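The values are calculated or read from the model by the stated rules, or taken from the named source; none is laboratory data. Not measured: the values here are computed from a predicted model. Positions of Cβ are backbone-derived with ideal geometry, glycine not excepted, and every protein chain shown enters the neighbour counts.
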Amino acid sequence: MEQVARDLERDLGIVVFPEGTSGKGDEILRFKPSLLDFAARRDLPVHFAALSYATPDGYGPPSRLVCWWGDAPFLPHFLELLRLPSFRARLVFGDAPVHDPDRKILAEDLRRAVAEQFVPMP
């Protein structure tokens, strides 16, 4: 938290992945309120984005080839990703930030806002 405060004082942005883990891209996982505590305590605006991927026709789903999740070992996954001729990333930013002084409400509101922008992957 001290590092976050110092970075904000220096006008640096803070990036948080509030799910606290990675998934296969078919749903938005529950957001961890503790990861949003700093923003909630200061009632700071939280900007958000939704990210999804697509793979070329004839290749496997991005949930297996692009997303790294579960107990998959990283190196074999990364090598399989490098074998793809390409993949597309879709990043959609929200129109307005979310804020609430209650971290649990902030987590719920933020998750709902991200879900509205999110395109699930197969």
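Checked against the criteria, Glu19 does not count as at pLDDT below 95, surrounded by fewer than 10 Cβ atoms within 10 Å (Cβ to Cβ) and not polar (S, T, N, Q). Taking the criterion of being at pLDDT below 90 and touching a helix residue (DSSP H, G or I) at 6+ places or on another chain (Cβ under 7 Å), would at least one residue in region 69-77 satisfy it? No: region 69-77 contains no residue that is at pLDDT below 90 and touching a helix residue (DSSP H, G or I) at 6+ places or on another chain (Cβ under 7 Å). Could we say that Ala39 is of a type in the set (A, V, I, L, M, F, W, C), touching a His at 6+ places or on another chain (Cβ under 8 Å) and within 18 Å of Leu110 (Cα to Cα) here? It is true that Ala39 is of a type in the set (A, V, I, L, M, F, W, C), touching a His at 6+ places or on another chain (Cβ under 8 Å) and within 18 Å of Leu110 (Cα to Cα). Gly25: touching a His at 6+ places or on another chain (Cβ under 7 Å) and surrounded by 15 or more Cβ atoms within 10 Å (Cβ to Cβ), yes or no? For Gly25, the condition - touching a His at 6+ places or on another chain (Cβ under 7 Å) and surrounded by 15 or more Cβ atoms within 10 Å (Cβ to Cβ) - is not met. Does region 62-77 include one or more residues that are touching a residue at least 40 places away in the same chain (Cβ under 8 Å), buried (at least 17 other Cβ atoms within 10 Å of the Cβ), under 28 Å from Val4 (Cα atoms) and more than 14 Å from the chain's Cα centre (by Cα)? Scanning region 62-77, I find no residue that is touching a residue at least 40 places away in the same chain (Cβ under 8 Å), buried (at least 17 other Cβ atoms within 10 Å of the Cβ), under 28 Å from Val4 (Cα atoms) and more than 14 Å from the chain's Cα centre (by Cα), so the answer is no.
Please tell me if Arg90 is more than 21 Å from Glu108 (Cβ to Cβ), touching a strand residue (DSSP E or B) at 6+ places or on another chain (Cβ under 6 Å) and modelled with pLDDT under 95. Yes; evaluated as a whole, the condition is true for this residue. Of everything listed in (1) within 16 Å of the chain's Cα centre (by Cα); (2) farther than 19 Å from Asp109 by Cα, the single unmet condition for Pro18 is (2). Within region 26-52, the set of residues being touching a helix residue (DSSP H, G or I) at 6+ places or on another chain (Cβ under 6 Å) and under 21 Å from Glu2 (Cα atoms) comprises Pro33, Leu36, Asp37, Phe38, Ala40, Val46.
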